[in-house]
Amino acid sequence: MSNVKTIISSDDEAQINKPSNQSEEIDNNCNCRNKDTCPLEGNCNIRNIIYQAEVATPQTKETYIGLCDTTFKERYRNHTCSFRNERYKNVTELSKYIWGLKERKINYQINWRKVKQAVGRIQIPGWGGTLGISRWGCAAGTLEPLAYTRASSAEFC
């Protein structure tokens, strides 16, 4: 009899190797009510991406890198929820940083962008392993502490 790990691993592999419906993605890249306010410039419904949030304050620019296996829009909504609800302020490194700014009454603006399309497994340089994207949840919980940086100017990928 198979153990739970084997079942989950084989299910994850099937999800990773499942062909995506590219034409559906192209037609439905954005369903924002106001396309001008789309957080990812009309591409919020793309899946499996590595994304960047640049938080600009009057004094600094900080960069956060995240990873999601859902649509970016779903991940974005979770982020904005963690910025609005104090009970979620420690959910991600980004929310911790935003709440720190809010507590010090520092104005900020967040600009989002897609860094790279993720395909199933991601190689993390210097780590010697891969990070799998699973339908069981975003792997960003593992990646966020590694990828969050405090740099005045950082280029990724």
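The values are calculated or read from the model by the stated rules, or taken from the named source; none is laboratory data. Please read these numbers as outputs of a predicted model, since none were measured by experiment. Neighbour counts are summed over all protein chains in view; Cβ atoms, including those assigned to glycine, are modelled from backbone coordinates with ideal geometry.
State whether one or more residues within the range 80-91 are without any contact (Cβ under 8 Å) to a residue 40 or more places away in the chain, farther than 11 Å from Trp112 by Cα and in contact with a Pro (Cβ under 9 Å, 6 or more places away or on another chain).
Start the filter on the range 80-91 by keeping residues that are without any contact (Cβ under 8 Å) to a residue 40 or more places away in the chain, which leaves 80-91.
Remaining after also requiring farther than 11 Å from Trp112 by Cα: 80-91.
Then keep just the ones that are in contact with a Pro (Cβ under 9 Å, 6 or more places away or on another chain); that gives 80.
Checked the range 80-91: at least one residue is without any contact (Cβ under 8 Å) to a residue 40 or more places away in the chain, farther than 11 Å from Trp112 by Cα and in contact with a Pro (Cβ under 9 Å, 6 or more places away or on another chain).
Each row is one residue, and each column tells you yes or no for (1) among the charged types (D, E, K, R); (2) surrounded by 11 or more Cβ atoms within 10 Å (Cβ to Cβ); (3) at pLDDT 55 or above.
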{"residue": "Asp11", "(1), (2), (3)": "yes, yes, no"}
{"residue": "Ile16", "(1), (2), (3)": "no, yes, no"}
{"residue": "Glu24", "(1), (2), (3)": "yes, no, no"}
{"residue": "Ala56", "(1), (2), (3)": "no, yes, yes"}
{"residue": "Gln59", "(1), (2), (3)": "no, no, yes"}
{"residue": "Glu74", "(1), (2), (3)": "yes, yes, yes"}
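With respect to the conditions (1) touching a strand residue (DSSP E or B) at 6+ places or on another chain (Cβ under 6 Å); (2) closer than 25 Å to Ala118 by Cα, Tyr108 falls short on a single one, namely (2). Filter the range 77-118 down to the residues that are under 13 Å from the mean Cα position of the chain (by Cα) and among the small types (Gly, Ala, Ser) and list them by number. Matches in the range 77-118: Ser95, Ala118. For the range 117-127, does any single residue satisfy the condition of being under 26 Å from Thr37 (Cβ atoms) and either modelled with pLDDT of 50 or more or loosely packed, with under 12 Cβ neighbours inside 10 Å (or both)? Within the range 117-127, one or more residues are under 26 Å from Thr37 (Cβ atoms) and either modelled with pLDDT of 50 or more or loosely packed, with under 12 Cβ neighbours inside 10 Å (or both). In the range 81-94 there is no residue that is modelled with pLDDT under 85, out of contact with any helix residue (DSSP H, G or I) (no Cβ under 6 Å at 6 or more places or on another chain) and loosely packed, with under 15 Cβ neighbours inside 10 Å.
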